[in-house]
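The values are calculated or read from the model by the stated rules, or taken from the named source; none is laboratory data. All values derive from a computational prediction rather than experimental measurement. Quick reminder, even Gly has a Cβ in these numbers, built from the backbone with ideal geometry, and neighbours come from all protein chains shown. Note: areas computed on protein heavy atoms with side chains; ligands, DNA, RNA excluded. Shrake-Rupley method; radii C 1.70, N 1.55, O 1.52, S 1.80 Å.
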Amino acid sequence: MAQRSGSGLHRFAAATAGATFVLLFLGGLVTSTGSGLAVPDWPLSFGQVFPPMVGGVLFEHGHRLAATAVGCLTVMLALWTVVGEARASVRALGLLALLAVVLQGVLGGITVLYKLPLAVSVTHACLAQTFFCLTVALAIVTSPAWSAPRPRRSPGALGVLAGLTTGAVFGQLVLGALMRHMHAGLAIPDFPLAFGRLVPPLVTPHIAVHFAHRIGALVVAVAVGSTAVHVLRHTDDPWVRRPALLAGGLVVLQVTLGALTIWSRRAVLATTTHLVVGAALLATCLVLTLRATRVTLIQPRTVDPVGVRRRALA
């Protein structure tokens, strides 16, 4: 019965993570279509619970409805972990996810009421990625595979390397959010060059942030590639190899989408997909970090028999 309950919690956590991923896409549509202030009041919409879903209201109010659904799922998930989970760390993770979704809702309201202030908008975007990571982590640590006995056969540096790569991806998403909310997505209008050069003239903050995002993409590509190669060389465990391979594929797709975003002059679909693939890359690197840490090789201390040591010293 306990195993069945744990499987149910895992499935619910995975469903919450999936719903959050959809919410990220809907939030991306709001900014890609410029609909952030299509509904100027909060928490109601034009003083109503359900306004006419036309124009930008469809994107903004649809995003609010999806956010409400994810909030309800998170409340249920947090309650389930507190009541049904024996591990204190997992219960704390569930409560942290609940705190994050409440704070995210408040930030969303502040973003509207104060007419999209840059600092609040960027924080709202970054907290969305953090909350997504929390739901993914809950799905991982409640899975049967996490609790199953597993041989420790990966080098100790692997978890550290994967963690650093995850941090690099998150930093790149912060730069992306800053660029997005500064409306600097086309501050450099060509790709792969920048104004026909390798290094553009950094004469405006918009150009500087955009170029920093491009440099960040290069750093992330190198970090993900290095981590994937390290995984493939040093472990044969498919539980660890799969997210490494997926991360490598996602980073190639993400760079392609970044180029398409510029070449299409920030077409809505390309821009929004670029955002959610970045979130998927972050989550995949987090999964790799968690799994690599779980199977980190611990070198056992060997103690020679007394007789063997005496003969060696003789």
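Of note:
- Descending by average beta-carbon neighbour count within 10 Å, the peptides 176-187, 77-88 line up as 176-187, 77-88, the highest first.
- Size of the stretch 80-196: Rg and Dmax of its alpha carbons, in Å, are 19.0, 59.
- Label corresponding to log10 I(q)/I(0) by the Debye sum over Cα atoms at q = 0.09, 0.14, 0.16 Å⁻¹ when calculated from the structure given, among (i) -0.47, -1.10, -1.34; (ii) -0.38, -0.97, -1.32; (iii) -0.53, -1.12, -1.34: (iii)
- For the chain, the solvent-accessible area of protein heavy atoms averages 51 Å² per residue (probe radius 1.4 Å; ligands and nucleic acids excluded).
- Across all Cα pairs in the stretch 162-245, the calculated P(r) in 5 Å bins from zero up to the longest distance comes to 3, 15, 20, 17, 14, 11, 9, 7, 4, 1 percent per bin.
- Remark: spin-label model distance Phe191-Val102 equals 4.0 nm, labels positioned 7 Å along the Cα→Cβ axis.
- Selection among Val203, Thr256, Pro192 by position relative to the dipole of the stretch 174-274 gives Val203 as farthest towards the positive end (Cβ unit charges, Cα centre).
- Residues in the stretch 162-169 carry Karplus couplings, in order, of 5, x, 5, 5, 4, x, 5, 5 Hz; the curve used is 6.51 cos²θ - 1.76 cosθ + 1.60 with θ = phi - 60°, and Gly or Pro positions show x.
- Between Arg11 and Thr130, the FRET efficiency from the beta-carbon distance, with R0 = 25 Å, is close to 0.65.
- With θ taken as phi - 60° and the Karplus curve 6.51 cos²θ - 1.76 cosθ + 1.60 applied, the whole-hertz 3J(HN,Hα) list for the stretch 19-30 is 5, 5, 4, 4, 4, 4, 5, 5, x, x, 4, 4 Hz, x standing for glycine and proline.
- Rounded to the nearest Hz, the phi-derived 3J(HN,Hα) couplings of the stretch 101-118 under the Karplus curve 6.51 cos²θ - 1.76 cosθ + 1.60 (θ = phi - 60°) are 6, 5, 4, 5, x, 5, 4, x, x, 4, 4, 6, 5, 9, 6, 6, x, 4, where x marks glycine and proline.
- Summary value for the chain: 22 percent relative contact order, contacts being C-alpha pairs under 8 angstrom separated by 6+ residues.
- Here the chain exposes an accessible surface that is 72 percent carbon and sulfur, computed with a 1.4 Å probe and the other protein chains kept in place.
- Remark on Met182: its backbone amide H falls under 5 Å from none of the residues 5 or more positions apart or on other chains, H modelled at 1.01 Å from N.
- Charge sum, other residues only, whose C-beta stays under 15 Å from Ala19's C-beta, Lys/Arg counted +1 and Asp/Glu -1: +2
- Kirkwood Rh and Cα Rg combined as Rg/Rh, the stretch 1-140: 1.03
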